[in-house]
1. Do you know which residues across segment 88-112 are surrounded by fewer than 18 Cβ atoms within 10 Å (Cβ to Cβ) and in contact (Cβ under 8 Å) with a residue 60 or more places away in the chain?
2. Taking segment 145-177 on its own, how many of its residues are under 25 Å from residue 96 (Cα atoms) and more than 16 Å from ligand 2 (Cβ to nearest atom)?
3. So, of the residues in segment 11-27 that are touching a strand residue (DSSP E or B) at 6+ places or on another chain (Cβ under 8 Å) and near ligand 1 (Cβ under 6 Å from one of its atoms), which turns out to be nearest to residue 102 (Cα to Cα)?
4. List pairs: first in segment 13-39 and over 17 Å from residue 73 (Cα atoms) and without any contact (Cβ under 8 Å) to a residue 40 or more places away in the chain, second in a strand (DSSP E or B) and away from ligand 2 (no atom under 16 Å from the Cβ), Cβ under 9 Å, 6+ apart or cross-chain?
5. Yes or no: residue 4 under 17 Å from the mean Cα position of the chain (by Cα) and away from ligand 1 (no atom under 16 Å from the Cβ)?
6. Looking at (1) farther than 28 Å from residue 216 by Cβ; (2) away from ligand 2 (no atom under 16 Å from the Cβ); (3) in contact with a strand residue (DSSP E or B) (Cβ under 8 Å, 6 or more places away or on another chain), which is the only condition residue 36 fails?
7. Could you tell me which residue of segment 190-228 is surrounded by the most Cβ atoms within 10 Å (Cβ to Cβ), considering only residues that are modelled with pLDDT under 95 and within 16 Å of ligand 1 (Cβ to nearest atom)?
Ligand code: CTP
Ligand code: MG
């Protein structure tokens, strides 16, 4: 069987959020933030199993999680960077996994629609990411914080998760990083693009699918949840 495995990333340090509990484990209306996307991923009929990536000191806390759901869940330790966390997950995949869908646990507003659109698009592409148009004008800067390039805003998108990949492509990209000197990839799409391994297909993300990064985002998330529950 050719399986689709979900990888849910929750092993970051939440430095920008600045609280002693990492943000995926904070509560949003009485439920841990990571649980919102975990439940949606496991509900998808297309997804066969899930790898939950957590910080080392949280490994024991989630032993019970595996009994709560009918689909197999592995709880695995993350790495120092998001890339290392993804690499750890890839190293624990079953041989039968053919495709992966990767999601940030810090984005609680994942939807079945986003998952379906991502996986449907993966039938015709081998690397897919959700993305939304940028509402801000973006600028790249020089070392002196002076504006260098103003790209045309109509052509600038913000990458979100979920992202989905053919596993063989992702494994190739990861293998190529062994000799990488200036490693600054923030996600797997930038990695695949850098090595020109495939064109990344962008599909519609969602304005509501915010990433909780700063404390203000949690307040925004509470309002989004209220709106969704109306
Ligand atoms: N992540 C991870 N392992 C890492 C770094 C990040 O699994 N070593 C996860 C985070 O838990 C989060 C997602 O990747 O769900 C997106 O990363 P980000 O928003 O940058 O979270 P943090 O790295 O935790 O936050 P910060 O960069 O502010 O420290
Ligand atoms: Mg980070």
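The values are calculated or read from the model by the stated rules, or taken from the named source; none is laboratory data. Being a predicted model, the structure only gives us computed values, none of them experimental. A quick note on method: Cβ atoms are made from the backbone with ideal geometry, for glycine too, and the neighbour counts reach across all protein chains shown.
1. If the condition is that a residue be surrounded by fewer than 18 Cβ atoms within 10 Å (Cβ to Cβ) and in contact (Cβ under 8 Å) with a residue 60 or more places away in the chain, then 94, 96, 98, 111, 112 are the ones that fit.
2. First, the residues of segment 145-177 that are under 25 Å from residue 96 (Cα atoms): 161-177.
With the extra rule that they be more than 16 Å from ligand 2 (Cβ to nearest atom), the set shrinks to 162, 164-177.
Number satisfying all stated conditions: 15.
3. To start, the set of residues in segment 11-27 that are touching a strand residue (DSSP E or B) at 6+ places or on another chain (Cβ under 8 Å) comprises 11, 24-26.
Retained after the next criterion (residues that are near ligand 1 (Cβ under 6 Å from one of its atoms)): 11, 24.
On the way: 11: 13, 24: 15 Å.
Among those residues, the one meeting the criterion is 11.
4. Once the first residue is over 17 Å from residue 73 (Cα atoms) and without any contact (Cβ under 8 Å) to a residue 40 or more places away in the chain and sits in segment 13-39, its partners that are in a strand (DSSP E or B) and away from ligand 2 (no atom under 16 Å from the Cβ) give 25/32.
5. Working: under 17 Å from the mean Cα position of the chain (by Cα): yes; away from ligand 1 (no atom under 16 Å from the Cβ): yes.
Answer is yes for this residue.
6. (1)
7. Of everything passing the filter in segment 190-228, 191 is surrounded by the most Cβ atoms within 10 Å (Cβ to Cβ).
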